[in-house]
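Engineer: The structure is given below, and queries will be raised subsequently.
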Amino acid sequence: MSKNNIAVNVENLSKVFRLGVKEQTSENFAGALWGFVRSPMKNFRKYRSLYNFNDINLSEEEQGDDILWALRNVSFTVNEGEVVGIIGGNGAGKSTLLKILSRITPPTKGNISIHGRVSSLLEVGTGFHPELTGRENVYLNGTILGMRRKEVAQKFDEIVAFSEVDKFLDTPVKRYSSGMRVRLAFAVAAHLEPEILIVDEVLAVGDAAFQQKCMNKMQDVGKEGRTVLFVSHNMPAVTSLCDRVVWLDHGQKVSEGPAQEIVGNYLLAGMVTKAQREWKDPASAPGGQFARLCAVRVVSESGEVMEHGDIQDPVGIQMEYEVLQDGEIMLPHFRVKNDNGVLVFVTLDHDPDWYQCPRPKGRYISTAWIPGNFLNEGPYFIDCNLITRHPDVPQFNEREVVSFAVTGNMEPGTARGDWPGRLGGVVSPALEWKTAYSQ
Ligand SMILES: Nc1ncnc2c1ncn2[C@@H]1O[C@H](COP(=O)(O)OP(=O)(O)OP(=O)(O)O)[C@@H](O)[C@H]1O
Ligand SMILES: [Mg+2]
């Protein structure tokens, strides 16, 4: 498939909820279709209205306590074969967007166009009819995707093997646990060869082993050149799976771009500090009698200022300062804290060229290197300090002056390996393990 064909086009999409008014929607497209089949006349009007997007006159300015814009003028496109992540805080509009794309709920305004058969797995609706058995639901879903019975039959064993619910195949789905439903639903959605796979938060349900299986399957689907839209709060899952990310906040698109970059910015959002701080005017720069701070930066190995970096890459924290008089011994140091305010470590400048040596007047740039595979995923804040020794006199002490974020991945060689969730702990070193074995 060509990478340049558009699979999903979303244009100025808005969705308004009137609070206190219950929306008549099905949990999923299968449900909508099933209801439609069972009660044609009643549902015909409803079904038609699902596609009638622009008949609601609602001014952009319409506000009020009972009006909630779940999505507001969101536009983006997804090319065929792309794996795109949708991220954002709780209530950002992610699920609403996926429900509109899956035709489960209509938008208030705007247009969507979809080129290809969609299969979706949403957080509540799992694409099943509760009264039908697992087996019947697999066939129903296949039919909805436009597959012949024979085609579904060919995939049937694979689906059952993936879902591990073989014992319950002839049990109505309403008797399934939510974990079982999601297993079967994911298996169906991923194996029935949709051209576009839409997945909302599936990794939040199920145990770690199943989560891992889903991740691998989605990766395969992406590699086969099919399109995947994936919502998750698990940022490492997003960065390792997705090529591109769309970030939503309060119903609006904040930005979209390469996964690492957007996830890094998302992790840093709300932080007032940035990866670089400079004092151009010496009069207002922090400093004392002997030294003055010029700049503090977080840099990559190649020396670029960096707001976020991969967990495997080293991070440089750098201070640029001026020594104002000859002859003092200086001790620059950094304190690194995480977003819970925990002091992760303190690092002192032990560069043998300068440690305990009097320094001549001039400009200095001192960089401390934090190795890759050491800090855990998440945001960090740096305090930048310098004291003169014998006696110890602070020259500057700037708290939380710069920040940066470490983004995780599930590559080999990281502490978590292919484990799907963030590991606990303040740091996340990739330690060497050896196992002795005897019989
Ligand atoms: N049926 C509904 N009626 C009223 N408000 C709704 C309805 N569905 C969603 N909302 C509201 O729309 C907003 C967006 O919700 P949505 O479920 O799309 O967020 P989300 O990004 O998926 O959040 P989460 O990360 O918590 O799953 C929220 O403020 C939510 O309360
Ligand atoms: Mg949601």
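Engineer: Where residues in the stretch 220-239 are modelled with pLDDT of 85 or more and among the polar types (S, T, N, Q), which of them is nearest to ligand 1 (Cβ to nearest atom)?
Structural biologist: SER232
Engineer: Also, I was wondering about something else. Pick from GLU195, GLU201: which is under 25 Å from the mean Cα position of the chain (by Cα), modelled with pLDDT of 80 or more and assigned by TED's automatic domain parsing to the domain that holds GLU136?
Structural biologist: The match here is GLU195.
Engineer: May I ask you to list pairs of residues, at least six apart or on different chains, whose Cβ atoms are under 7 Å apart, with the first in the stretch 237-266 being within 19 Å of PRO412 (Cβ to Cβ) and the second being basic (Lys, Arg)?
Structural biologist: ALA259/ARG244
Engineer: Output the residues belonging to the stretch 213-243 that are touching an Asp or Glu at 6+ places or on another chain (Cβ under 6 Å) and surrounded by fewer than 19 Cβ atoms within 10 Å (Cβ to Cβ).
Structural biologist: ASP243
Engineer: Shifting gears a bit: Can you give me the number of residues within the stretch 111-120 that are closer than 16 Å to ASN12 by Cα and either modelled with pLDDT of 95 or more or among the β-branched types (Val, Ile, Thr) (or both)?
Structural biologist: Selection size over the stretch 111-120: 2.
Engineer: Further question on the same structure: Go through the residues of the stretch 205-215 one by one and say whether even a single one is within 16 Å of ligand 2 (Cβ to nearest atom) and under 24 Å from the mean Cα position of the chain (by Cα).
Structural biologist: So far as the stretch 205-215 goes, yes, one or more of its residues are within 16 Å of ligand 2 (Cβ to nearest atom) and under 24 Å from the mean Cα position of the chain (by Cα).
Conditions (1) under 24 Å from LYS174 (Cβ atoms); (2) of a type outside the set (A, V, I, L, M, F, W, C), marked per residue:
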residue	(1), (2)
VAL83	no, no
ILE87	no, no
ASN90	no, yes
LYS94	no, yes
THR105	yes, yes
SER113	no, yes
GLY116	no, yes
SER119	yes, yes
PRO130	yes, yes
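Engineer: With the structure loaded, tell me whether LEU184 is part of a helix (DSSP H, G or I), buried (at least 22 other Cβ atoms within 10 Å of the Cβ) and more than 14 Å from ligand 1 (Cβ to nearest atom) or whether it fails that test.
Structural biologist: Yes; evaluated as a whole, the condition is true for this residue.
The rows are residues; the columns are (1) in contact with a Leu (Cβ under 9 Å, 6 or more places away or on another chain); (2) among the acidic types (Asp, Glu); (3) at positive phi; (4) surrounded by fewer than 19 Cβ atoms within 10 Å (Cβ to Cβ).
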{"site": "SER300", "(1), (2), (3), (4)": "no, no, no, yes"}
{"site": "GLY309", "(1), (2), (3), (4)": "no, no, no, no"}
{"site": "MET319", "(1), (2), (3), (4)": "yes, no, no, no"}
{"site": "GLU322", "(1), (2), (3), (4)": "yes, yes, no, yes"}
{"site": "GLN325", "(1), (2), (3), (4)": "no, no, no, yes"}
{"site": "PRO332", "(1), (2), (3), (4)": "yes, no, no, no"}
{"site": "GLY341", "(1), (2), (3), (4)": "no, no, yes, yes"}
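The values are calculated or read from the model by the stated rules, or taken from the named source; none is laboratory data. As the structure is a prediction and not an experimental result, all values here were calculated from the model. Reconstructed Cβ throughout: ideal geometry from the backbone, glycine too, with neighbour counts over all protein chains shown.
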